[in-house]
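The values are calculated or read from the model by the stated rules, or taken from the named source; none is laboratory data. None of the values given here were measured: they were computed from a predicted structure. We place every Cβ from the backbone using ideal geometry, glycine too, and count neighbours over all the protein chains shown. Quick note on the areas: whole protein, heavy atoms, side chains included, nothing else; ligands and nucleic acids left out. Shrake-Rupley method; radii C 1.70, N 1.55, O 1.52, S 1.80 Å.
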Amino acid sequence: MFRKLFFLVFWVPAFAISICQYQAPTTNLLRGEAAFSYHYFEDPLTPAPDISTGKLTVQGEWLVDSPARGVGLTFAGEFNLFGLGLASATAQVSGTFREYPYPPFSYFVFGGVEGILDTRNARPAVEVRAGVGYGRFTDVTPLVRALRIEEKLLAGGLLLAALPESTVLLLAQEIGRRQIYSSTADLAAAVVKIIAAEAGITLDPRSALLVEEVLEESGLERYCGWAVQFGLGYLLARAQPGALRFSLSLQGAMAPDPRSQILFKSDLSAPYQVFEEYTWNLSASYTSRLDDTTNFSAQYVLRQIKPRGQMPAGSQSATFQLTFKLGGASVTLKVGFSKLAEARNWTQELLLSAGWQLW
């Protein structure tokens, strides 16, 4: 059973087309998600509730990239409740504006801000930055939708063979021009027309409805690329504001196949004595749509602050989540591990929830 589960989660199908080879002229992605859990239990024989804990996690991202400029904004927060009060909270906000002086090339100058709030620390950390870097990001969602359309047409018997790679890329280019169409139905009709002409077949009205369904389908957003940037930062708020610091960050995104997305970001800020004082944030995530009813995700987050003359403080966490949709029912299995820097052992959490529609 475990071997089958391992194969299901980590097997990646082979596709003739590399998802990240698609280059969109402009990228504008907005993504966000939130999760909340609460556990309450009271034994009438005890004077107070025995268990009253909850957790709210929020994360979001806005990514814009064009030949001349780019914008990246991310937010992640975790709020832990005990009773009806806030027990602890951590929040991180990162914003960067990039300007490409020579658009054919990927060199850029940037300005940005990094902010971290941790209720265990007396003051938040806010740092403004400026510097230079290299890299770009691109929205590959049109290609993912084109491949999804091909998959659905094959499964429905409307296509007898896979489309040539050139045709799939042509479909992706047309889907990427979505803004010129007045409605999704018009875009779907144009896509069906391209498929019929390229494949030399006649498609019935069901095809347009199926294509329109894929064009409106959520959860297919993917992007690729990477960027590395180096600059100077200035602390606006913290225990010792006003210190000039060096900053180095690396961010990457990859879509191994149409069903999955890998994201990575590492950010280091420190004075010239980098081993004596620094702030380091690291995050990595993997999401995969195993099939139309099953989704898997994994995430790792590390936040570490090393004050001068003190031991590092911070936290790290890893979460794994498997979600099943079975008709009107939804089942979620979540496993989480978290640890403070000063703690010796990991805190473990297992959450199994199920819901269904009665009528």
(message) Through the Karplus equation 6.51 cos²θ - 1.76 cosθ + 1.60, θ set to phi - 60°, convert the phi angles of the range 323-332 into ³J(HN,Hα) values in whole Hz; use x for Gly and Pro.
(response) 10, 10, 10, 10, x, x, 9, 9, 10, 10
(request) Considering the convex hull of the alpha carbon atoms of the range 140-214, report its projected area averaged over all viewing directions, in nm², one decimal. (result) 4.3
(request) May I ask you to give the solvent-accessible area per residue for the range 226-285, in square angstrom, as obtained with a 1.4 angstrom probe? (result) 49
(request) Kindly express, to the nearest 10 degrees and within the range 0 to 90, the angle between helix 141-155's C-alpha long axis and the longest C-alpha principal axis of the chain. (result) 50
(request) Report Rg/Rh for the range 189-285, rounded to two decimals, where Rg is the Cα radius of gyration and Rh the Kirkwood radius. (result) 1.33
(request) Classify the range 76-144 as rounded, prolate or oblate, taking a ≥ b ≥ c as the square roots of the eigenvalues of its Cα gyration tensor: rounded when a/c is under 1.5, otherwise prolate if a/b is larger than b/c and oblate if not. (result) oblate
(request) Mind running the shape call on the range 11-160? Use the C-alpha gyration tensor, a ≥ b ≥ c as the square roots of the eigenvalues: rounded below 1.5 for a/c, prolate if a/b tops b/c, oblate otherwise. (result) oblate
(message) If you average the alpha carbon positions of the range 269-291 and of the range 112-127, how far apart do those two centres end up, in angstrom?
(response) 15
(request) Rank these residues by their accessible area, most exposed first, probe 1.4 Å: THR279, THR119. (result) THR119, THR279
(request) Ignoring everything but the protein chains, give the 1.4 Å probe accessible area of ASP204 in square angstrom, nearest 10. (result) 60
(request) Would you mind getting the accessible area per residue of the range 48-141, heavy atoms of the protein chains only, 1.4 Å probe, in Å²? (result) 49
(message) Just want the answer: with Cβ charges of +1 for Lys and Arg and -1 for Asp and Glu, which residue in LEU244, SER315, THR294 is farthest toward the dipole's positive end in the range 237-323?
(response) LEU244
(request) Enter the mean projected area of the convex hull around the alpha-carbon atoms of the range 27-74, in nm², rounded to one decimal. (result) 3.6
(message) Output needed: percent of Cα pairs per 10 Å distance bin for the range 79-197, bins running from 0 to the one holding the longest distance.
(response) 11, 23, 17, 19, 20, 9, 0
(request) Above 36 angstrom, tally the Cα pairs of the chain and express them as a % of all pairs, no decimals. (result) 34
(request) Could you look at the chain and say what percent of its accessible area is carbon and sulfur, using a 1.4 Å probe and all protein chains? (result) 64
(request) Could you tell me which of the pairs LYS306/LYS339; LYS306/LYS334; LYS193/LYS325; LYS265/LYS306; LYS152/LYS325; LYS265/LYS339 are separated by over 22 angstrom between their Cα atoms in the structure shown? (result) LYS306/LYS334; LYS193/LYS325
(request) For the chain, find the longest principal axis of its Cα atoms and tell me its angle to the long axis of helix 205-216, 0 to 90°, nearest 10. (result) 20
(message) Treating only the Cβ of Lys, Arg, Asp and Glu as charged (+1, +1, -1, -1), what charge dipole size does the chain show about its Cα centre? Round to the nearest 20 debye.
(response) 780
